[in-house]
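The values are calculated or read from the model by the stated rules, or taken from the named source; none is laboratory data. Since we're looking at a predicted model, the values are computed, not measured. Cβ placement follows ideal geometry from the backbone for every residue including glycine, while neighbour counts extend to all protein chains displayed. In case anyone asks, the SASA skips ligands and DNA or RNA and just uses the protein heavy atoms, side chains included. Shrake-Rupley method; radii C 1.70, N 1.55, O 1.52, S 1.80 Å.
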Amino acid sequence: CDPSCGSASFLVAALHYLTEALYKSLVVHRNIDNEDDEETWKRKTLPFGLPSQAGLEEDILPCRPSDPRFEDIVKSRLRRYVVERCIYGVDINPMAVELARLSLWIETMDPELPFGFLDHKIKVGNSLVGCWFDRFREYPLAAWLREGGDKSHSNGVHYRKEEWTRAIKQHFNSVIKPEMVSVITGQFTFKHPVLADPGTVHDEAMAVFEKLHNLAKNTDGIRQMETIYYIELRQNESWRRLKDAFDTWCAIWFWPADKLDIAPTPLTFLQPSENTLAEVRRLAHQHRFLHWELEFPDVFTKDRSGFDAVLGNPPWDTMQPVSKEFFSNIDPIYRAYSKLDAVREQTRYFSDDKNVERSWLEYTGGFKAAGNLFANSANPFGDPELQTGVSINLGRGKDSARLHTVWRERRAKANAVSYTSPNHPYTIQGEGKPYTYKLFLELSHALLR
């Protein structure tokens, strides 16, 4: 897997490397050889050179091993198997993902393959931001330990400086914490009232992936791939509800400070209202949440907890707002202004259109939210026993420790299904602004089998 694949340069190289290794193994172990017997070579199948069982999905050797074109033809066939079974990629840029799919599609050298056959392997998403099976039913209290992105908003027109930061803090203290205490001390259970068993949904999704892998190699079967994937998986009601639940968990970390009235709370986040769910889906689209276990169920299973290898060259950026990037989309010559003129122009943009000011605050707040996520997502419930992230005080004196103990015990009894290590990132980022290369390095380690 390349979790920041761009146009797939590394994945194309991996494809050729693996194809060459697979072909050599077939030759060395004599699974394919120079037997020119008419009956023998016609009973060998790809990709492993195993004897034919007369199955419709089998791919018989395309020509005699003595044929001078044999090696090129077989390697061409093997590249398709490697792409379908071994290559995975994610990128936050939809155009990059289209180019990645195109690059790999071209490498298969199979004009009969529909372009969409890689949709379930090369995906658009934010590799760094997602939820896990053993987390999505637990309310992320630490999501509210953030600024609103407006601590330096001194030239506001429609929004006062720190207005959003104060609103978030007040909402956390007056609504979220009291509800969490009532949930812990009440009869709340961690069984989702509207979801099917998550493990069952995961297994059903994995079965769909197996169908995609095992489709007959004739043209009609190949062209069913995209249809089967979207109808049986993406439009499956249980899968959609599960994804909404994962998205809701992530959305809480990025919830807009001017929409707190519909924000998911400890009492409502398992059954959000229609307005809340609509905002969840908007945030999921905006931030491109990616849930690794949910998106790649054939990689994260009960027997396999991730990828055999993670490779790539992730972006080396500091995650902080850049006013020149944001306002250049509004005024093409914004970069030419002096610092004083730039601030004056910002105020003019805000005066002309309130949505510009709100978008700017949401943009800056998004970085604060992401920084809070990376700092505290390994301990989203503020449990002081975990020795990571921020400890959240749920009450006075010993009351807080007692409440956390009760909550911790309930989480343990929930026996939440998991297909990866419980030590999720990010725990070793250090202080200061998040750097993408550090985040990707820790994520890559966590994604390994």
Links that overshoot a 31 Å alpha carbon limit, given the list LYS121/LYS259; LYS302/LYS398; LYS24/LYS243; LYS123/LYS339; LYS169/LYS243; LYS169/LYS324: LYS121/LYS259; LYS302/LYS398; LYS24/LYS243; LYS123/LYS339
Cross-link reach list, aspartates and glutamates versus LYS42, counting only Cα pairs under 19 Å and skipping chain neighbours closer than eight places: ASP33, GLU57, GLU58, ASP59, ASP67, GLU71, ASP72
Signed unit charges on C-beta, dipole axis of the chain, positive-most listed residue LEU283, ALA369, ALA96: ALA369
Residues whose placed amide H lies under 5 Å from that of CYS5, excluding near-sequence neighbours: VAL90, ASP91
GLU210 paired with ARG282, simple spin-label distance in nm, labels 7 Å along Cα-to-beta-carbon: 4.2 nm
The chain: most fluctuating residue of LEU50, LEU294, LEU61 per GNM, C-alpha cutoff 10 Å: LEU50
THR185 - accessible surface, heavy atoms, 1.4 Å probe, Å² rounded to 10: 90 Å²
Student exercise, the chain dipole from Lys, Arg, Asp, Glu Cβ charges, in Debye to nearest 20: 1700 debye
Shape call, the range 91-178: gyration tensor on alpha carbons, a/c limit 1.5: oblate
log₁₀ of I(q)/I(0) at q = 0.18, 0.21 Å⁻¹ - the range 234-327, Debye sum with one point per alpha carbon: -0.98, -1.09
Span-like helix ranges in the chain, DSSP H, alpha carbon extent 27 angstrom or more, Kyte mean at least -1.0: 9-28, 354-376
Euclidean distance of C-alpha centroids, the range 347-362 and the range 122-185, integer Å: 22 Å
